[in-house]
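One structure below.
The values are calculated or read from the model by the stated rules, or taken from the named source; none is laboratory data. In this text the structure is predicted, and so the values were computed from the model without any measurement. Just the protein is used for accessible areas: all its heavy atoms, side chains included, with ligands, DNA and RNA removed. Shrake-Rupley method; radii C 1.70, N 1.55, O 1.52, S 1.80 Å.
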Amino acid sequence: MSDAQQPPPRKPTEHGLSDRDRAVLAVERHGWPGPGAKERAIRERLGISPTRYYQLLNALLDDPEALAHDPVTVNRLRRLRSARRAHRP
């Protein structure tokens with residue numbers, strides 16, 4: 001399935017996050033042996049490119065609904081993002 005065939009990006013369910021948003025967080029929650037396995041899983045499970053995945057994930061890190069849904073994963077990723085930004089020249 002290509003990016004063009006995906007449902008609208010923010011079609012929330014009764015819990016506030018779309019099925020795709022929850023799936024993105026679930027992929028990120030999983031431990032991966034290396035980047036190749038994760039990228040393959042992104043394409044197979046979500047049907048989107050890794051670039052699109054990371055765009056969606058980055059937006060979810062600023063979404064209060066994502067924080068409420070999976071605070072451990074979202075807070076871990078926020079810390080990593082902040083550390084990367086702090087190390088930029």
For the stretch 22-67, dividing by residue count, accessible area per residue (probe 1.4 Å) in Å² works out to 53
Enclosed volume per residue, in Å³, of the convex hull spanned by Cα atoms of the stretch 35-89
101
Accessible carbon and sulfur surface of the stretch 19-89 relative to its total accessible area, %, 1.4 Å:
53
